[in-house]
């Protein structure tokens, strides 16, 4: 590591340590009095300073693990597992302190290179951290890459089918995590979740509030992607593949509002 890189890292570490000190003081104040107007105003300014620093360290990339962690700090989970906005001020401060501590730790472990930009140092950014089943995450992550490669290679049918498979997998994961007993309030079809059709799973997920109405854009070719190969189906077009990929992204945002 040359001297300029070392100096750059030291500058960021000093700045981060200053933010941590301010955050701890704010946390103590808000723990004692969550309605302290002066502390709330100071917290907003501190959060803005944290956001600027995180944006610099993540190279402006929202997919960077630091940027995702920063966004996620402002969310809380309901009893059903759905992320909603509105965590308590002191809790948000503590979560941001955790993010800053991770940033400091990452910088201290760097032994070469400059401050990372879009290529993340530390934990690699993952698109499917919101998936509850840890064994499923690497599977859908790799499938996502396959779908993008197929689209670039103009294999539109493969791209669309892979996107549909990912969509079905993450929606099923969300439904299973919510549980049949909770879903029953929205009205359920007979049988287990695993026995429901692709379209039924999407409909129940939407009705129960897990996702919004983005799936209405799915082309017919996508909705029938699980039909047997010997059933005559319309040819998959580039538009079918691209729209299906767009719907997948919408559902991913619905299931992970911190994206």
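Numbers for the structure displayed
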read-out	value
Stretch gain in nm, segment residue 55-residue 143, where the contour uses 0.36 nm per residue and the Cα spacing is subtracted	28.8 nm
Inverse of mean 1/r across different Cα pairs in region 137-255, Kirkwood, Å	14.7
Residue 246 paired with residue 200, simple spin-label distance in nm, labels 7 Å along Cα-to-beta-carbon	3.0
Cα→Cβ-extended label distance, 7 Å offset, between residue 21 and residue 136, nm	4.6
Cα→Cβ-extended label distance, 7 Å offset, between residue 62 and residue 101, nm	2.9
Pairwise FRET efficiency - residue 188 versus residue 253, Cβ, R0 = 22 Å, nearest 0.05	0.30
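Laboratory data are not the source of any read-out in this text; all were calculated from the coordinates shown. Note that the structure is predicted; figures quoted are calculated from it, not measured. Methodologically, a virtual Cβ is constructed for each residue, glycine included, from the backbone with ideal geometry; neighbour enumeration extends over all protein chains shown.
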